[in-house]
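Report on the following structure.
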Amino acid sequence: MALKGVVQDITQKKQIDDTIKAKEKAEAANKAKSDFLANMSHEIRTPLNGIVGFTDLLLKTKFDNDQLEYLKTVNESANTLMEIINNILDFSKIESGKLELNCEEIDIIQLSNQIINLFKYEANHKKIELLLDIDPNVPKCINGDSFRLKQILVNLLSNAMKFTFSGHIKLQVVQVEEGEMFSKIKFSVIDTGIGIKDYNQKKIFQSFVQADNTTTRKYGGTGLGLAISSQLLALKNSELKLKSNHGMGSKFFFTVAYDKMPCKPNNLEVKRDFVQNPPSHLSNSICSFKVLIAEDNKINMLLAKTLVNKIIKNCDLIEATNGQDAVALAEENLPDLILMDIQMPIQNGYDATLEIRKSDKTKHIPVIALTAGVLNGEREKCIEHGMSDYITKPIVQSDLEKVLSKWLES
Ligand code: ADP
């Protein structure tokens with residue numbers, strides 16, 4: 001009897017199947033890691049917001065010197081911890097390719113000044129000269145992600161401040177090439193600090209790496225700042241570069257091509273006025289405002305209530321602990337403004353706002369999102385869901401003042 005059959009070499013097919021399976025497994029593991037980090041950071045940040053917010057408030061009351069010192073330490077430690085958590089979250093987002101850059105108008109001169117202002121106090125204290133050098137050819141407005149540009153420059157300037165003990169620190173902004181539609185801008189942060197040994201100059205750009213083992217003990221830090229900055233620049237096809245001589249200082253620099261854009265006329269003067277003169281008309285107002293706060297976390301609710309009460313005297317506060325209650329209480333009480341947390345049980349802040357916008361009775365009420373601030377596209381999502389504005393947690397009194405002024409005034 002003759003036997004017939006087909007012989008097929010399936011080695012290659014098996015190899016392809018194995019590769020696909022391994023890739024799927026790696027992707028699932030990576031997603032699980034990102035989800036875990038996002039959840040953890042939310043869980044850690046919520047109580048931290050309470051510590052930062054309430055120590056901020058406590059610091060404005062009277063204490064003896066020792067108590068003030070202790071309290072400042074608690075406040076600074078909580079802020080540092082928040083920075084570390086945000087860094088780790090950023091890092092994992094970039095690694096998993098989830099970080100997208102925003103496109104918005106950036107006023108380079110204003111942004112550079114804002115950044116320099118952040119370091120003035122420390123520079124004065126350390127007796128270091130702080131210089132800002134902007135090439136007059138730099139266009140006034142460009143199109144880019146101002147939050148991320150600030151993040152990189154603040155990172156570089158914080159390092160310069162940390163590792164410089166005399167001399168100067170300079171932020172230099174120069175246009176190196178110009179086209180009809182674009183401008184290539186070189187940003188440099190130059191210091192006269194301790195410098196970096198040759199053999200460490202590559203290694204410090206890696207994540208979680210510092211120049212040497214004594215750095216953490218002496219200066220703190222996680223070794224993530226330069227890695228994150230480099231990865232953010234890679235998204236703009238740019239690279240963070242370094243020139244340094246040990247003992248003689250360092251220069252960190254990068255060049256980015258931005259689209260030029262005409263500056264929109266803005267009502268900056270009005271906004272500045274809000275910053276300098278907090279809205280006294282709100283506090284002195286005889287007519288009382290009705291504000292609804294939707295927030296499920298007790299500590300955050302207490303902080304929000306305390307701050308609103310400090311800003312608006314005679315304020316009628318209504319509390320909701322989930323989105324569904326917020327919608328019902330808005331219909332019933334018709335508040336002048338709603339502060340809306342995003343992540344809440346039963347119904348989240350996005351869906352609650354959509355419902356508020358659907359009802360003729362409540363659709364005109366300003367809804368201000370209270371966002372965690374770091375999640376991808378959160379700001380756009382707030383606007384898409386009909387929210388009027390947003391402030392990031394931990395709520396800072398001056399931010400809340402500005403927003404309340406803006407929306408209650410109108
Ligand atoms: P971190 O500062 O949080 O440790 P970074 O990634 O920002 O992390 O920096 C990594 C290391 O590079 C620092 O720990 C320090 O050793 C070195 N470094 C960075 N900037 C400077 C600078 N301007 N002068 C001297 N050393 C620096």
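The values are calculated or read from the model by the stated rules, or taken from the named source; none is laboratory data. For clarity, every value in this text was computed on a predicted model and none was experimentally measured. So basically every Cβ, Gly included, is an ideal-geometry build from the backbone, and we count neighbours across all protein chains shown. Please note that ligands, DNA and RNA were not included when accessible areas were found on the heavy atoms of the full protein model with its side chains. Shrake-Rupley method; radii C 1.70, N 1.55, O 1.52, S 1.80 Å.
From the list VAL154, VAL174, which residue is β-branched (Val, Ile, Thr), touching a strand residue (DSSP E or B) at 6+ places or on another chain (Cβ under 9 Å) and either free of Cβ contacts under 8 Å to residues at least 60 places away in the same chain or within 15 Å of the ligand (Cβ to nearest atom) (or both)? Lay out the reasoning, then the answer.
On the way: VAL154 fails: touching a strand residue (DSSP E or B) at 6+ places or on another chain (Cβ under 9 Å).
Just one listed residue meets the conditions, VAL174.
It is to be established whether one or more residues within the stretch 319-326 are modelled with pLDDT of 90 or more, surrounded by fewer than 18 Cβ atoms within 10 Å (Cβ to Cβ) and closer than 30 Å to LYS60 by Cβ.
Yes; the residues of the stretch 319-326 include at least one that is modelled with pLDDT of 90 or more, surrounded by fewer than 18 Cβ atoms within 10 Å (Cβ to Cβ) and closer than 30 Å to LYS60 by Cβ.
Give me the residue from the stretch 102-127 that is part of a loop (DSSP other than H, G, I, E, B) and either touching a Lys or Arg at 6+ places or on another chain (Cβ under 6 Å) or not basic (Lys, Arg) (or both) and, out of that set, surrounded by the fewest Cβ atoms within 10 Å (Cβ to Cβ).
First, the residues of the stretch 102-127 that are part of a loop (DSSP other than H, G, I, E, B): 102-103, 127.
In the following step, the residues that additionally are either touching a Lys or Arg at 6+ places or on another chain (Cβ under 6 Å) or not basic (Lys, Arg) (or both) were identified as 102-103.
On the way: ASN102: 13, CYS103: 11.
Per the criteria, the residue is CYS103.
Does the stretch 305-318 contain any residue that is touching an Asp or Glu at 6+ places or on another chain (Cβ under 6 Å), free of Cβ contacts under 8 Å to residues at least 40 places away in the same chain and not β-branched (Val, Ile, Thr)?
So the first thing to find is which residues in the stretch 305-318 are touching an Asp or Glu at 6+ places or on another chain (Cβ under 6 Å), and the list is 311.
From what's left, free of Cβ contacts under 8 Å to residues at least 40 places away in the same chain: none.
The answer is no; no qualifying residue exists.
Does the stretch 133-172 hold any residues that are open to solvent by 20 Å² or more (accessible area, probe 1.4 Å) and part of a strand (DSSP E or B), and which are they?
Passing the criteria: ASP133, ILE134, ASN143, HIS168, LYS170, GLN172.
Just to be sure I understand, how many residues within the stretch 159-189 are out of contact with any Asp or Glu (no Cβ under 7 Å at 6 or more places or on another chain), within 19 Å of ASN237 (Cβ to Cβ) and of a type in the set (D, E, K, R)?
Matching residues across the stretch 159-189 total 3.
Would you mind finding the one in ILE368, ILE356 that is open to solvent by less than 60 Å² (accessible area, probe 1.4 Å) and in contact with a Leu (Cβ under 9 Å, 6 or more places away or on another chain)? Lay out the reasoning, then the answer.
Numbers: ILE356 fails: in contact with a Leu (Cβ under 9 Å, 6 or more places away or on another chain).
Criteria check complete, one pass: ILE368.
Could you tell me which residue of the stretch 270-311 is modelled with the lowest pLDDT, considering only residues that are open to solvent by less than 50 Å² (accessible area, probe 1.4 Å) and more than 27 Å from the chain's Cα centre (by Cα)?
SER285
Results for (1) at pLDDT 95 or above; (2) surrounded by 18 or more Cβ atoms within 10 Å (Cβ to Cβ); (3) within 13 Å of the ligand (Cβ to nearest atom), shown as yes or no for each residue.
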position	(1), (2), (3)
ILE185	yes, yes, no
LYS203	no, no, yes
LYS218	no, no, yes
GLN231	no, yes, yes
PHE254	yes, yes, no
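Check LEU130 against each of (1) within 16 Å of the ligand (Cβ to nearest atom); (2) part of a helix (DSSP H, G or I) and name the one condition it does not meet.
(2)
Test of understanding: among ASN75, ASN49, which residue is under 30 Å from HIS168 (Cβ atoms) and assigned to a helix (DSSP H, G or I)?
Values: ASN49 fails: under 30 Å from HIS168 (Cβ atoms).
Exactly one residue qualifies, and that residue is ASN75.
Only one of these conditions is not met by LEU99: (1) in a helix (DSSP H, G or I); (2) surrounded by 13 or more Cβ atoms within 10 Å (Cβ to Cβ); (3) out of contact with any strand residue (DSSP E or B) (no Cβ under 9 Å at 6 or more places or on another chain); (4) not basic (Lys, Arg). Which number is it?
Failed condition: (1).
Scanning for something crowded, with 20+ Cβ neighbours inside 10 Å, closer than 23 Å to LEU48 by Cβ and over 18 Å from the mean Cα position of the chain (by Cα), does the stretch 377-393 turn up at least one residue?
Taking every residue of the stretch 377-393 in turn, none turns out to be crowded, with 20+ Cβ neighbours inside 10 Å, closer than 23 Å to LEU48 by Cβ and over 18 Å from the mean Cα position of the chain (by Cα).
Every residue in the stretch 316-329 that is within 17 Å of TRP407 (Cβ to Cβ) and more than 30 Å from the chain's Cα centre (by Cα), please.
From the stretch 316-329, those within 17 Å of TRP407 (Cβ to Cβ) are 316-318, 326; that's our starting set.
Listed by number, the list holds a single entry, ASP316.
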